[in-house]
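Peer 1: This is the structure I want to talk about, given as structure tokens.
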Amino acid sequence: MTDTSISPDSAAAVAADDGPLVEDFIALLKPRVMSLVVFTGLAGLVLAPGHLHPVLACVALLCIAVGAGASGAINMWYDRDIDAGMARTRNRPIPGGRMEPGAALGFGVTLSVGSVAVMGLAVNWTAAALLALTIGFYVFVYTMWLKRRTPQNIVIGGAAGAFPPMIGWAAVTGDVSLMPGLLFAIIFLWTPPHFWALSLYKAGEYAAVNVPMLPVVAGRDATRRQIVLYSLILVPVTIVPWPLGHAGAVYGAAAVVLGAGFLYGAFRVWRERSDRAAKGLFAYSILYLFLLFALLMVDALTVGLWGAA
Amino acid sequence: MAAPGKTDRDDRNGRERRLRQRNLAMLAVLGGLAVLFYVITIVKMGGGN
């Protein structure tokens with residue numbers, strides 16, 4: 001399988017008699033993306049007021065994880081032509097020739113329907129509806145509509161990644177309010193600088209497969225400016241839970257310090273114009289989001305323990 | 001170069017191993033779902049929400 005001109009579909013046909021491995025089905029679920037989605041979903045569950053039976057909380061998290069994985073599988077089915085042309089993705093199960101596209105689609109659709117149905121039956125239908133919206137948004141709005149058409153693809157498409165804490169919150173309360181909206185806004189505003197930092201040093205690969213990422217369409221300097229602008233909006237929004245009383249001073253102080261680090265990284269990308277600075281911001285952005293949500297959870301759990309004492 | 005008979009046998013063994021692996025994974029998933037639905041039912045019947 002050294003012929004790089006082979007199409008994803010014909011590659012899959014070659015593999016039809018061998019069949020995919022279990023690992024290939026797991027790879028379809030994009031486990032690394034899933035881990036961040038599960039973590040932010042957990043944050044929604046922990047931060048929401050009220051009580052959810054621990055078993056049902058685990059079921060809600062499982063549904064969020066499976067739903068996210070399912071949308072990843074459908075994304076890999078639809079984007080198999082793009083994946084075949086990029087070094088980072090050409091060994092995925094379909095372009096790697098280990099799985100037929102139809103199998104990936106069937107797998108993704110089955111898991112999507114299953115995760116929404118179990119969420120509705122076991123937890124509540126508000127959370128199930130939000131999960132269905134998330135999957136639908138990622139598949140139809142981001143993957144099929146925006147990704148190949150506009151450099152704003154990840155700005156609008158980022159909403160799909162921002163829903164999990166809202167789903168977690170809705171699993172506990174049965175509704176959505178200001179705080180899950182804030183959690184949504186944090187991830188929504190975090191997504192563009194995070195992905196554009198990546199696309200700055202992967203621009204060549206995106207251009208080769210005609211995906212109109214911002215550095216490809218508007219240029220690297222424009223992308224760097226947009227990273228700084230979004231970062232300037234993001235950092236104040238991350239601090240808002242503190243003055244609104246949804247988080248304590250420890251979180252507020254940490255959000256200021258972590259935000260200063262994010263802004264430093266963004267301005268460094270703008271000033272230095274190097275791949276090194278972009279890689280640094282990309283790596284820091286993952287740690288940043290993880291720490292923010294971890295701190296929010298610690299804050300909520302600490303307040304809960306104090307309240308119970 | 002390996003004898004054709006041996007290669008065919010190796011291929012068949014490889015396919016059977018993959019099939020067995022997939023069947024075991026399917027068994028684990030179905031078993032897991034049965035346990036999951038059982039636990040959810042018990043929690044719901046106990047008034048858990």
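The values are calculated or read from the model by the stated rules, or taken from the named source; none is laboratory data. No experiment lies behind these values; they were computed from the predicted model shown. As a convention, Cβ positions derive from the backbone with ideal geometry for all residues, glycine included, and neighbour counts pool all protein chains shown.
Peer 1: Taking into account only those residues within the range A:25-47 that are in contact with a Gly (Cβ under 7 Å, 6 or more places away or on another chain) and either farther than 26 Å from A:V298 by Cβ or within 14 Å of chain B (Cβ to nearest Cβ) (or both), which is surrounded by the fewest Cβ atoms within 10 Å (Cβ to Cβ)?
Peer 2: Among them, the one singled out is A:K30.
Peer 1: So which of B:G48, B:G14 is within 12 Å of chain A (Cβ to nearest Cβ) and either modelled with pLDDT of 95 or more or out of contact with any helix residue (DSSP H, G or I) (no Cβ under 9 Å at 6 or more places or on another chain) (or both)?
Peer 2: B:G14
Peer 1: What about A:G261, is it out of contact with any helix residue (DSSP H, G or I) (no Cβ under 7 Å at 6 or more places or on another chain) and outside the structural domain of A:V155 (by TED's automatic domain parsing)?
Peer 2: Answer is no for this residue.
Peer 1: Next up: In this structure, is A:A197 more than 22 Å from A:L130 (Cβ to Cβ) and under 16 Å from the mean Cα position of the chain (by Cα)?
Peer 2: When the stated conditions are applied, A:A197 passes them.
Peer 1: Same structure, new question: Does A:A218 satisfy being outside the structural domain of A:L42 (by TED's automatic domain parsing), more than 17 Å from A:G41 (Cβ to Cβ) and not acidic (D, E)?
Peer 2: Against the criterion (outside the structural domain of A:L42 (by TED's automatic domain parsing), more than 17 Å from A:G41 (Cβ to Cβ) and not acidic (D, E)), A:A218 qualifies.
Peer 1: Would it be correct to say that B:A34 is facing chain A (nearest Cβ under 8 Å), without any contact (Cβ under 8 Å) to a residue 60 or more places away in the chain and farther than 16 Å from A:A57 by Cα?
Peer 2: In short, no.
Peer 1: Any idea how many residues of the range A:74-120 are of a type in the set (S, T, Y) and within 14 Å of another protein chain (Cβ to nearest Cβ)?
Peer 2: Number satisfying all stated conditions: 2.
Peer 1: Further, regarding this structure: Can you tell me which residue within the range A:16-47, out of those that are under 14 Å from the mean Cα position of the chain (by Cα) and not in a helix (DSSP H, G or I), is farthest from A:T191 (Cα to Cα)?
Peer 2: By that ranking, first place goes to A:L29.
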